[in-house]
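Please treat every number below as a calculation from the coordinates, not as lab data. Everything quoted here is computed from the prediction, not taken from an experiment. Ideal geometry is used to build each Cβ from the backbone, glycine not excepted, and the neighbour counts take in all protein chains shown.
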Amino acid sequence: MSKRLIRLLSRGLLDNATFAARALVSSKLRSVLTLLGIVIGVATVIGMVSIIEGFNNNVVSSFQRFGSTLVQFQKFDPQFGPGDAQQREEMRQRENLTLEDAEALKRLCPSMKAVSPERYWFGGGGRDVPPMVKYAGLEASPDTIVGVIEDYQEANNHFVVEGRFIGDGDHRAGANVTVLGYLVAETLFPNTDPLGKRVQIGARRYAVIGIMEEQPATFFESTDRHVYLPLSTFDSHFPAIKRTTGVNIATVPKRPEWVGRILDEGTSVLRARRGVRFDEPNDFGILTPDRMIRNFQAVTGGITLAMIAISSIALLIGGVGVMNIMLVTVTERTREIGVRKAVGAIHGDIIVQFLTEAMTLSAIGGAIGVGLGYLISVVVRQVSPLPTSTPIWSVLLGLTVSLSIGLFFGIYPAWKAARLDPIDALRYE
């Protein structure tokens, strides 16, 4: 930027901005209608970005809680939303992963530190829901019953806070023992030590050997209402679930930098066991926190761009309003422009004057929009479970966009004002 341009911009900048603010106050209705598009556009951007950013942060922390080195092999490919119906049906036709697959991974993948086959009985809206957990007249409704082995804790980065977890001996013996999720234990044993007590799950009784640590609430599953049984016990007591539901196999590497290695090793072993030809895609899914985070951020990024595009319509309308009010201003102040030119104002002075006024008007609209957008995020956070977070870049973006609108749509009125002939302007009534 040249020194001359800098001088032009700085000359009378404060006076022009002050005059623009006064014009805004003196013509309240016209100013409000002019800036309404900018206010709505900027507020929408700030509000939606705050909601999406807060949701995104919550989801990322949820995935990271499993540990950055988790690699989970499962029947279905991980995806957000309902996905393609045909693709979903194709995945349903796949063979389930089995306990024998997990044992093969443990035996044939030297880079894996822990291999955790897990069979889930999820709660749902149908009749086939997990049974209640009962103790001394109290009942707790588990959202999931899980069959596990001792590697579960290491693979899922989730540990007992009291007692012990299910061991290899429990699995081999098919022992009637259980580990309770934090909320299940709180419900059944509000004032009693649960360890050693026997709870009833369905028609059988199980000794409580441990309580899992509390897991903060997220938009995704919380393990606080899970109940854990030895995998062999689970399969023996709930054979119908075993027949229809395979296992998910959670794995972690011996060293953090070996995530890629266990991905390759695990994929090779499962492809060989399942008879997948070299030119065919995997017939099983692979979940990693990083991959899920990238997929989720791609979805939320697309939503953000869509909302910005929609908001741009309001901003465009606001920009047209700014141009309109500035053209009216030029007409109303034709004699003033003539006087300024008569006393020595150059084209650049007139252009800077009206550009400053246009940018001041749009900046005020942008500031109001930022404040309204932040208020929206606060209200949403207070009245709903949706988390919100207003990143500083969104505030700067809103202000920058509003200033840019004033600059762009103020160019023509400023150029028109600068082109006025001073003699004709002085004669204007």
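Here are some notes:
- Taking packing as the residue-averaged number of other Cβ atoms within 10 angstrom, the listed peptides 46-58, 159-171, 270-282 run from highest to lowest as 46-58, 159-171, 270-282.
- In this calculation the C-beta distance from PHE76 to PHE159 is compared with R0 = 25 Å, giving a FRET efficiency of 0.40.
- Dipole of the range 71-287, positive direction: furthest Cα of PHE278, GLY169, THR251, with charges on the beta-carbon: GLY169
- The modelled label-to-label distance between SER236 and GLN382, using points 7 Å beyond Cα along the C-beta direction, is 5.7 nm.
- Cβ-Cβ FRET estimate between GLU139 and GLU214, R0 fixed at 30 Å, reported to 0.05: 0.90
- Multiplying the residue separation of ASP128 and THR245 by 0.36 nm and removing their Cα-Cα distance gives an extension gain of 40.8 nm.
- The order of the peptides 312-318, 367-373 by mean Cβ neighbours within 10 Å, most packed first, is 367-373, 312-318.
- A simple charge model with +1 on the Cβ of Lys and Arg, -1 on the Cβ of Asp and Glu and nothing else charged puts the dipole of the range 71-287 at about 600 debye relative to its Cα centre.
- Only lysine pairs 8 or more places apart or on separate chains count here, and in the range 71-287 those with Cα atoms under 16 Å apart total 4.
- The range 71-287, relative contact order [Cα under 8 Å, separation at least 6], %: 33
- In a simple Cβ point-charge model (Lys, Arg +1; Asp, Glu -1; nothing else charged), the range 124-217 has a dipole of about 540 debye relative to its Cα centre.
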